[in-house]
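Asker: Let me give you the structure first, and then I'll get to my questions.
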Amino acid sequence: MFGSAILDVAIGIVFIYIILSMMCSTIREGIEAWLKTRAAYLERGIRELLSDVDTGSLTRQLYQHPLIDPLYFGVYPIAPLALNPRWYSRGHNLPSYIPSRNFALALLDMAARGPSNSGKGDTGPTLADSMELSLASIRAGIPTLPNATLQRVVSMAVNTAGDDLETSVRHVEAWFDSAMDRISGMYKRASQLVIFLLGLGLAIGFNINTLALADYLYGNPSVRQALVAQAERTARSSDGTPGDSDPIQQLIAQTSLPIGWAQPANGHAQPPAGPAAYAWHTFVAPALGWLLTAFAVTLGAPFWFDVLNKIMTLRSSLKPAASDEQTHVVVEPSAKDVAPASDPLASVVATPVMVTAHDATSPQLDGCGASPLAPTLDQELPCAQGGVAQ
């Protein structure tokens, strides 16, 4: 029973984490749609990749290439974007994603066509001539690239491809993908910081204290079972979502969870007297509970969905074991529960046999014809049959 209550509390807490994680992710996506921070990180990564951090002229030429320009509306910004993008950096109208093949073909085409005079990607051969891209034209244009780092990269991609242009394209694609993995990690860390701040804001604003919730759920079985039932429906749903927000809000309101500032500090009781206890229940415990809530939100709803399914599986495996233990309980009969005398076998078991030294013919004796009170010598015992005999 104790283990089942602990699992139910964990299920309820995880279910609340799922709701908060989805709320913070939705808010984060709204911020991203407004700022386009992902595009700013991508542009910064390409500038580093091309060793064009200071001027941005080569990056501008790449973004204005016919293979990249259709991926976004408008024109490349006149002023370069921030050298060190943050979570609040604006990406303007630049693309948030560039296919690796488009990047590789555009870069090799820029190397083959030579430097740009106007900065608009219209230098060298015309667009129709650019379809005749070859390894020879790329090798001839490598010295015209603006920096030695880029020259070395393109030269290695061409020289290790033999006579196959497609192989050199794949080499540049792999180079681009490896760099974008690092940029994606930077963007993910920035996003987690935003989600942590959002989770902390929700935890403090609505007083969503993990410690108080766990304490409240453990002391209120009816509320705990209501949350577990909702979590089970969520785990069984096909799309893995908690459903509409209104029923969930009604569920939280009906179960009187300690969410909001109308509740006491620890959910259901006033803090005890004493300076140390008062400080713990009033300041330390709520702050720790808010931080736990914010940290849990940063793990994301998919993580907590997986945890919920695992706890559900563990809970379902423990229930049959508990029911089997209750079914196979052996009850020792007491003296007053002995079967009635009408049962011959029960009467034999219940009625003690009184044997005396003069009752040699009693059927309850061992059949040796000896008195039960007199000792029997070893040589007078019968021979062993069916056992081990010397």
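Asker: Apply 1/(1 + (r/R0)^6) to the Cβ-Cβ distance of Ser178 and Val284, taking R0 = 35 Å, and write down the FRET efficiency to the nearest 0.05.
Answerer: After rounding to 0.05, the efficiency reads 0.15.
Asker: With the crude spin-label approximation of a point 7 Å out along Cα→Cβ, what separation in nm comes out for Thr144 versus Tyr97?
Answerer: It works out to 3.4 nm between the two label points.
Asker: Using a Förster radius of 41 Å, what is the FRET efficiency between Glu132 and Gln192 based on their Cβ-Cβ separation? Nearest 0.05, please.
Answerer: Efficiency, from the Cβ-Cβ distance: 0.30.
Asker: Tell me, what HN-Hα J-couplings in whole Hz come from the Karplus equation 6.51 cos²θ - 1.76 cosθ + 1.60 at θ = phi - 60° for each residue of region 20-34, using x for Gly and Pro?
Answerer: 3J(HN,Hα) across region 20-34, in whole Hz: 5, 5, 5, 5, 5, 5, 5, 5, 5, 5, x, 5, 5, 5, 7.
Asker: Treat each spin label as a single point 7 Å out from the Cα along the C-beta direction, and report the Ile6 to Glu232 distance in nm.
Answerer: Distance between label points: 2.2 nm.
Asker: Per residue of region 176-182, in order, report the coupling 6.51 cos²θ - 1.76 cosθ + 1.60 (Karplus, θ = phi - 60°) as ³J(HN,Hα) in whole Hz, putting x for Gly and Pro.
Answerer: 5, 5, 5, 5, 5, 4, 5
Asker: Please find the FRET efficiency linking Tyr88 to Leu314, where r is the Cβ-Cβ separation and R0 is fixed at 41 Å, and quote it to the nearest 0.05.
Answerer: Values: r = 42 Å, r/R0 = 1.02.
So the FRET efficiency works out to roughly 0.45.
Asker: Still on this model: Roughly how many nanometres apart are two label points built 7 Å out from the Cα toward the Cβ at Arg152 and Leu211?
Answerer: For the pair Arg152/Leu211, the computed spacing is 5.5 nm.
Each value in this text was obtained by applying a stated rule to the coordinates, not by laboratory testing. What you see is a predicted model; the values in this text were computed from it and never measured. Neighbour counts run over all protein chains shown; Cβ positions are idealised from the backbone, glycine included.
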